[in-house]
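A.B. asks: Take this structure, written in structure tokens, and hold onto it; I'll ask about it next.
Derivation of every value follows stated rules applied to the coordinates shown; laboratory data play no part. Note that the structure is predicted; figures quoted are calculated from it, not measured. Cβ sites come from the backbone with ideal geometry, for glycine too, and all protein chains shown count toward neighbours.
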Amino acid sequence: MTQPDEALALRLNRLRAQTEGIVPSADFEAKLLVLLSATPANDAFSLVWRWGKFGVALGAVVAAASIVLALGQSVTEEQEDALSYGTVEYFE
Amino acid sequence: VASGDAAAFRAVVETLAVKLVRLGARMLGNVPDAEDLVQEAFVKAHAAMIAGQYDGRASVSTWMHRIVCNLAIDQLRAGRRHGRLVEATDDIVVEDSRAAEAHLALRELSEWLNELPAEQRVALVLSTLEGYSNAEIASMLECSEGAVEQRLVRARASLRERRSLDHDPT
């Protein structure tokens, strides 16, 4: 370790030791817990919100699959119609 | 915690609050701002837990450190605290000589690291003052270990360059 590195390490170590005793104000934790307890974690709305997200995602997947199926069905029906009505034209 | 257990979250607060306030103070330079930061972090974490956004991939401690560090980086980048820094440390009421020494040390630390970019400052604090490994810091900051090492090298180089200009009582 070079001299500037040593000086840097020494200063950082000193500041670490001097700030080791830093603590929050006496009522910090109590105030925080009161603040957090004001927001209930498992009320009905939270549960609906939590599971509702899965419902929306599932709905999106089902909707996408339905569109793909419907498009596939539509193309098949058009081909069948074209054959049954004899719309294939021949040019002489 | 992931299942939304309020008692479990209370235990998290009791376990991590002091540690996170100390980390916040070392990053921002004073305790009042650190308390605001940690309070905001716990409120965000609590909301995320309620919304089912904590997936348990990282430990709760790492997750909380990540939130605190991200908030600190945002604040340091915005420079919102620079004007208030001296005022906050000057006005603080200290109860004993050890607390006075700690607050002076915070002030010295903040002034010394003030010129560093936020990411370098946070990485340096996590590494040299908090004692975390590069792998732990990478997990907290959601970056690679290489990126952490790069930030630390650059931070130390900047501090070495500035050393001759600074008042260094060591």
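A.B. asks: Local charge sum around B:E119 (other residues, Cβ-Cβ under 10 Å, Lys/Arg +1, Asp/Glu -1)?
C.D. replies: That works out to +4.
A.B. asks: Just checking the output field for A:24-32: average partner chain Cβ neighbours within 10 Å of each residue's Cβ?
C.D. replies: 5
A.B. asks: Something else: Sorting B:R154, B:R26 on the 10 Å Cβ count, fewest up front, what's the list?
C.D. replies: B:R154, B:R26
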